[in-house]
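Quick note: the coordinates plus some simple rules give every number you see, no bench work behind them. Quick caveat, the model's predicted, so the values are computed rather than measured.
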């Protein structure tokens, strides 16, 4: 798909509606400009942040020994218990 927009004197560009829909961009959202050598890619900043977060957590479940949802529930309960003990001065 190819769409063309005009650059204003302030350097502003309107992102065509089909491109906004494809990227899930709504009024007030932020976009990121990615320099890929001979082209600039525009992306939904929230989606980039989500992907970076997902990448940062890759392998963490395995590292923590979390194999299923129950393991996650058990871990949350243990962390809450530890926080309660810490805040209450050691009274479980």
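Please give the calculated 222 nm ellipticity per residue for the chain, where each DSSP H segment of at least 4 residues contributes -39500 (n - 2.57) and the sum is spread over every residue; nearest 500 deg cm²/dmol? Kindly include the intermediate steps, with their values, before the conclusion.
On the way: 4 runs with 43 residues, N = 92.
One gets -14000 deg cm²/dmol as the mean residue ellipticity at 222 nm.
Tell me, what does the Kirkwood hydrodynamic radius of the chain come to in angstroms if you use every pair of distinct C-alpha atoms? Show your work: numbers first, answer last.
Details: mean 1/r = 0.0564 Å⁻¹.
After inverting the mean inverse Cα-Cα distance, the result is 17.7 Å.
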